[in-house]
Each structure stands twice: as structure tokens, then as C-alpha cells.
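Some notes on the structure that comes next.
The values are calculated or read from the model by the stated rules, or taken from the named source; none is laboratory data. Computed from a predicted model, the values in this text were never measured in an experiment. Here the Cβ positions follow ideal geometry from the backbone for every residue, glycine too, while neighbour counts run over all protein chains shown. To get the accessible areas, we keep the full protein, side chains included, count just its heavy atoms, and leave off ligands, DNA and RNA. Shrake-Rupley method; radii C 1.70, N 1.55, O 1.52, S 1.80 Å.
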Amino acid sequence: MSITNRIGFYQNRQQLESCLQAPQFTESWQEKLRLADALLQDTIFYDQEWDMEREFRPVTFEDGRFDWNHEPFGDPEWTYMLNRHRFFVLLMEVYLYTGDRRYVDKLLALWEDWIQRETLIEDHLWTGWRTIETGIRLKNWVKTLNLLELCPEIELSEALTQQIAISMNQQTDYLCQEKLINMSMISNWKVLEQNGVWLACALYPEWIENVEEKLAIAENVLTVSAELQVVPDGFHWEQSFMYHHEVWIGLAEMQQIAQRNQLPVPPAITDALVRMTSASVAMTRPDRSQSPYGDSDVEDMRPILQWMALVTGDPQANWVAGRELFLSTLFDYGESAIDRLPQLDALRPLALDQNFEDSGLLFMRDSWDKEASWTLIKNGSQGGGHGHSDNLHFEVFHRESLLCDNGRFTYVEGSPDRKAFKNASAHNTILVDGEEFTKQSGSWGYEGTAPALPNYLRSKNGYAYAECSHTGYFRYGKNVLLTRKILHIKPGIWIVADEAITNEDHEYTQFFNFPKVGRLTATEDHGVYEGDESRLHIYPLSGQKLTVTNSEYSPHYNERLTSEKIQLTTQGKGRSVMITVLALEQTAITRVTVSSSGKELPQEDATALKLENQQGSYTILFNHFEDATIMSRKADKLDGQFVYGRVVVVENQQVTLLRN
């Protein structure tokens, strides 16, 4: 089969097949065969890496005929996934691996069936013909056609070839309507739609009417989307790591195909890809996984970081990904990855603590080793419907997820589960009087959000200090400014100071979510979470009432696991301070006297603690509020020596100032 002279995702079958049988791919092939063999029995489930909406429950079409508008579980996302046709590519991949013609026969039968039955009519606009599904489907058709072109032994009938060509042209017509082009330019949908249009026009131009016009439209939309949607610090604005990567993929596929065909790539797209890659490196947890932050799933970051390195040349992404080639890299980038990857530089990242000011994301780690501790802090814009109620949220990872984001679970409109997983209580943050600071309106909207103030981060001498505030409660008539201060004494101690500036009386609840159930033990002043490889101690030091309750954790869409959380509740009169210490080891904590001008400072104004465990011995000081004297600030005497500053650490008589 030979349709196009353009260079697509794949060019050399012999080179591609030369490494498909490599031992490191065995497990990946087992997963692909499991899904492909089910398709031969007219059974489908969605469980490929980076599937946007996984569904582990199999669905079988008993009569052997797919119903392309079927919605088996009351979730239209199942139907959307069905009509994206990612499994078309899967069937061709498995054919190349096995040489078994049954996979091709099933592919062609499904393809012809969809074209003949799933027509563009009003009833299908919100099933198989949503614009995002149409764009993703075009991309998957292009990749499937590319693989078919490697296989001259497969002859598509003239009738089916013509049907595919007509349908691809129809889909590009649909997506290039002016009324659709000018809608939601800020949405990830635009990238996923026009990625498909651009690939179809660039690689199969003889099938597309007005191809130059459509190619120009797609390029312009992708360029504008890159400029609008990727904030200066490199993160996608929607506050979801999954959609950050979906947008990266949409832009990257355009760039890699354009470069192979000597087509120009708009500088805005190249620049966005580079910045997004740096952001992806920073978000990667020590075990090289992605957090289920916002509307996201836990994913292995190594393959996409490897792809990022191939597209952008980023040596840090290449180092974090590791040197072993991944099977998905072969099919995402193409077989040229085999020769290109060993030529790329690999550089261990230098930055340990990073403040992404535009997105409101901060990251701390003590090294880039897999045994390192890692902390994420979020305090920024809402990010649209894929963002959660998570300002002042933070996560802790050491060998495994300890303090977690509970994930997303579902998108179903009106589902109480959708609301529960997006609520603040599913995140490690603070509520005032049990009231949400970001109020939802359906699955995708909000009645009010929590404006974040600029974040502060400073790193020095093995310590990292972050300070974040939001004004969300003013919208609801509560005059409370919430501030969370986190001092990280690396690798294994976190001192959390939550402050409420107000002249009112309120109840404050701090949430600490853990991914597994049956792992928490607690007394009134000490909780311990026992992970598989690490433990986390929680010490409330401000008289908070400690309660353990059940929760739910969703590492993947449509997957929910019973888990647990700790709630710390405090009654505050006027301005209030809540101190909580978290540590990987049992820690002795004692209050230390701090004085200024010979007068002992009250605990509501300053917190001074001595912390001792196997990691070391530290004395820390938080000056919570500026004092009311005319001089505003004085030197403090802490543990026998003078210090100056709002946040100070003393270790072995060495003073480190982290907040002036």
C-alpha cells in the first residue's frame, strides 16, 4: 500500500521490526496483546498508558457488531473513547509484532463499519462527532495508515481506500468550519482537534479538498494555542498534568512530522514545547511517575520524557527518562529513535527547588535520585474545569506516595463523586467553617474561585521554604486571609505553619490525605501512616483535634480505592496559627523560648521548636506576624543566640535565614 510520498511517523519496517522482540518490551507486548486479543472477540476496554479516560470493565458486543453510540456505564466518556479509534493503531502494532493477519482483518472490518454507520448527523455531534474526538480520530487514522504503508502484503480494497479518503476529507471540513475555529481557543480541545487536521493535510494531501487552506488554518490555530495556553513558566494553564501532556503531544507531533518533511515550524510551537518539557521534568516524582494532580492519572513519565528529549533535545528530560528505549517511544516518535536516542546528551538536572510563578506550582526535592523526597505545593489560578479546589494543597513523596492528591475518578455530570474528588477535602489544604473556598457548578464550572497571592520560595543550605496565601473566603463574607508556610528540612522533615489573619472567630480544618486504607494509627497528638516502603509521622502542635476518617483515592479514571485521611480541627478566635510537623522518622519535638528585647514572645506571635531525630537536630523559628512596635522588627534570642528574620533554622549553631 503506497498513498503518500511524505515522511510520516514510520519509514523503515525492517528497522522498526528489528527491535520489537527485545526482552525489555515483553511486558509491554503482553499488555498490548491482552487488549488486541479481546478486540478479536468483540470485547473492548481502555487500559493503555495515557488513555485519557480509562475503563477496566470489559464490554462485549454480543452480535459481533460494534454500537458506536453505546454508553454502557452511564458515562459518555466511554463512548468518546470508542470513537477516538486509538485501538486501530494498537491492532496494527500487534500485527507487526505477531504477523497474525486476524488483527488486520479486525481493523479493516471495524474501519469500514464505522465509516458506513457513524455518519455526521445531529444525533451524533455529542458522541462520535464531538470535535475533540474527530481530531483525535484523524490522528489515529493517520498513524494507522502510516503503519499500513509499511506492509505491502496488506492490500486495501479500492472501495475502502476511497471511503477512508472521503471520510478524512469530511472530518477536516467539519473541524475547519469558521464557527468552530473561533470557539474556545484557550481549550486543550483546539490543539487536539487541529493536530488531527494538520496531520491529515500534511501526510495525505491528495485526499483533502482545499488542503492548503486547511493546513494554514490548522497551523495558525496550533500556533495561537501554543501562545495562549502555555503560560510563561511552561505549564499548561488548565492545572492538570494529564492535559499538559496531551497538549504537548499535539504540538510535538506537528513539529516532528513538519521537520521530517522540511516544512516550517512556527517558533511559538517550538518555544512552547521546550518550556513544557522543562515543566514536565520538574513535576516528575522520584519514581519517575506523574501525580494524579487535577484531572490526571498516575502515569509512568519515562516514555514521554524520552519522547520529549527526542523532539526538543532536552538533556535533562533524557537523563530523567533513563537510557533504555521504550516500546511506546518507537511508536510515538518512530523507528528513527533507535539511532537518534544514543546520540542525545543526558544531563542530571541541577534545580532541586523550583517556583513556577505563573501556574502557582512549587516543587522541592533533596536530589534527583529515586530515593529522594519530593514535595509539590499548589497555590495558583483555578485552571478551568480540569482544575480542582486545591489552593494551599501539598503532596509528599518518598519511595512512594505518602501525602497524596486523591485524583479525579469521573467526569459524569451531576455525579456526587465528581464533586467529592474535586472538593478541597480531597486535597491537603485548609477549610474555614467547613465551607469550600472554590464552589463548583456542575462538572466543569465554578460559582467562585480562590484568588492566589504571589508565592514565595527560598532554598539554602539543604532547606527549602515556601509561603503561599489566597483570598478565597472574602468572596463569601468571611474576612480571612489564609497563609500556608512550609519549611522543608531535607530530606525528611516538613514544618507546616497555617495562619489565618482575621478579626473574626472561625473553625479551621486541615486535611491530610493518604493513598491506602488500614495504614493509619493515631493518638490525640500523633498520627503515623505506614506505607509499603516509608512512613510519615504527623504531629499537630497547636491543640488541633485529630480525627481519622475514610476517604477515596483514584490513581486512574474509573478506579477508586478506599483510603484514609487525617483531619485536624481548631477553633480560632481572631488571628490564628496552626503548627503541624511531618517527618519520615519519629521525632522529638520541644518548645523553645524565643524572646525579643528581653520579653518572651507568645506562641501566637512566634513559634520556636527544637526537632531531633536520626536525621539531625534543628531549632526553627517562625515569626508569624509583624509586631506592633514602631520599629516593627527586632532581633530575637533563640536557643541562646541572636537571630533575625521571619523564618530561621539553626543547626550546629549555624543560622540560616529563609524569610527576611
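Being modelled with pLDDT of 95 or more, open to solvent by less than 10 Å² (accessible area, probe 1.4 Å) and touching a helix residue (DSSP H, G or I) at 6+ places or on another chain (Cβ under 9 Å) is a property that A337 has.
S359 meets the stated requirement of being more than 22 Å from G322 (Cα to Cα) and either touching a Cys at 6+ places or on another chain (Cβ under 6 Å) or assigned to a loop (DSSP other than H, G, I, E, B) (or both). Residues in the range 554-565 that are under 16 Å from D295 (Cβ atoms) and open to solvent by less than 20 Å² (accessible area, probe 1.4 Å): S554, P555, Y557. The condition (being under 25 Å from A337 (Cβ atoms), surrounded by fewer than 14 Cβ atoms within 10 Å (Cβ to Cβ), modelled with pLDDT of 95 or more and not aromatic (F, W, Y)) is satisfied by just one residue among R84, R57, R34: R34. Of the residues making up the range 99-128, those that are at pLDDT 95 or above, farther than 24 Å from A165 by Cβ and either in contact with a helix residue (DSSP H, G or I) (Cβ under 8 Å, 6 or more places away or on another chain) or hydrophobic (A, V, I, L, M, F, W, C) (or both) number 2.
If you check L638, L621 for being buried (at least 17 other Cβ atoms within 10 Å of the Cβ) and in contact with a Lys or Arg (Cβ under 9 Å, 6 or more places away or on another chain), only one passes: L621. In the range 390-421, the residue that is surrounded by the most Cβ atoms within 10 Å (Cβ to Cβ) out of those that are in contact (Cβ under 8 Å) with a residue 40 or more places away in the chain and of a type in the set (S, T, Y) is S401.
Picking from residues in the range 263-303 that are touching a Lys or Arg at 6+ places or on another chain (Cβ under 8 Å) and open to solvent by 10 Å² or more (accessible area, probe 1.4 Å), the one that is farthest from R399 (Cα to Cα) is R302. Considering E206, E193, E212, the condition of being within 22 Å of I249 (Cβ to Cβ) and not in a loop (DSSP other than H, G, I, E, B) is satisfied by E193 alone. Contact annotation: residue pairs with Cβ atoms under 7 Å, 6 or more positions apart or on different chains, pairing a residue in the range 17-34 that is closer than 14 Å to E335 by Cα with a partner that is assigned to a helix (DSSP H, G or I) and open to solvent by 30 Å² or more (accessible area, probe 1.4 Å), are C19/I338; L20/Y97. Restricting attention to the range 135-162, the residues that are under 24 Å from W189 (Cβ atoms) and of a type in the set (A, V, I, L, M) total 4. For Q306, indicate whether it is in a helix (DSSP H, G or I) and either in contact with a strand residue (DSSP E or B) (Cβ under 8 Å, 6 or more places away or on another chain) or under 30 Å from L392 (Cα atoms) (or both). So Q306 does not fit the description; no. Of all residues in the range 361-373, none satisfies being in contact with a Ser or Thr (Cβ under 8 Å, 6 or more places away or on another chain), closer than 18 Å to A279 by Cα and of a type in the set (S, T, N, Q). The set of residues in the range 190-216 that are touching a Cys at 6+ places or on another chain (Cβ under 7 Å) and open to solvent by 40 Å² or more (accessible area, probe 1.4 Å) is empty. Selection of the range 318-329 for residues being at pLDDT 95 or above and either open to solvent by 50 Å² or more (accessible area, probe 1.4 Å) or part of a helix (DSSP H, G or I) (or both) yields N318, W319, V320, A321, L327, S328, T329. Just to be sure before I move on: is L138 open to solvent by less than 10 Å² (accessible area, probe 1.4 Å), part of a helix (DSSP H, G or I) and under 21 Å from W207 (Cα atoms) in the structure I sent? Taking the combined requirement at face value, the residue satisfies it.
Here R57 meets the list (1) without any contact (Cβ under 8 Å) to a residue 12 or more places away in the chain; (2) farther than 28 Å from L156 by Cβ almost entirely, failing just condition (1). Would you pick out the residues in the range 504-526 that are touching a residue at least 24 places away in the same chain (Cβ under 8 Å) and over 15 Å from D433 (Cβ atoms)? Once the filter is applied, which keeps residues that are touching a residue at least 24 places away in the same chain (Cβ under 8 Å) and over 15 Å from D433 (Cβ atoms), the range 504-526 yields F512, N513, F514, P515, K516, V517, G518, R519, L520, A522. For the range 279-298, the condition holds for no residue, the condition being that it is out of contact with any strand residue (DSSP E or B) (no Cβ under 9 Å at 6 or more places or on another chain), on the phi < 0 side of the Ramachandran plot and polar (S, T, N, Q).
The residues on offer are R484, R560, and the sole one that is charged (D, E, K, R), modelled with pLDDT of 95 or more and under 19 Å from G407 (Cβ atoms) is R560.
Checking each residue of the range 482-501 against the condition of being part of a strand (DSSP E or B), open to solvent by less than 30 Å² (accessible area, probe 1.4 Å) and polar (S, T, N, Q) gives at least one match.
With respect to (1) out of contact with any helix residue (DSSP H, G or I) (no Cβ under 9 Å at 6 or more places or on another chain); (2) in a loop (DSSP other than H, G, I, E, B); (3) not small (G, A, S), the lone exception for Q14 is condition (2).
Does the range 531-540 contain at least one residue that is open to solvent by less than 40 Å² (accessible area, probe 1.4 Å) and either free of Cβ contacts under 8 Å to residues at least 40 places away in the same chain or touching a helix residue (DSSP H, G or I) at 6+ places or on another chain (Cβ under 9 Å) (or both)? Within the range 531-540 (the criterion being open to solvent by less than 40 Å² (accessible area, probe 1.4 Å) and either free of Cβ contacts under 8 Å to residues at least 40 places away in the same chain or touching a helix residue (DSSP H, G or I) at 6+ places or on another chain (Cβ under 9 Å) (or both)), the answer is no, since none of the residues qualifies.
Screening the range 446-473 for residues that are more than 12 Å from N391 (Cβ to Cβ) and modelled with pLDDT under 95 and picking the one that is least open to solvent (accessible area, probe 1.4 Å) gives G448. State yes or no: is E435 farther than 23 Å from S291 by Cα and either open to solvent by 40 Å² or more (accessible area, probe 1.4 Å) or over 22 Å from the mean Cα position of the chain (by Cα) (or both)? Spelling it out, E435 is indeed farther than 23 Å from S291 by Cα and either open to solvent by 40 Å² or more (accessible area, probe 1.4 Å) or over 22 Å from the mean Cα position of the chain (by Cα) (or both).
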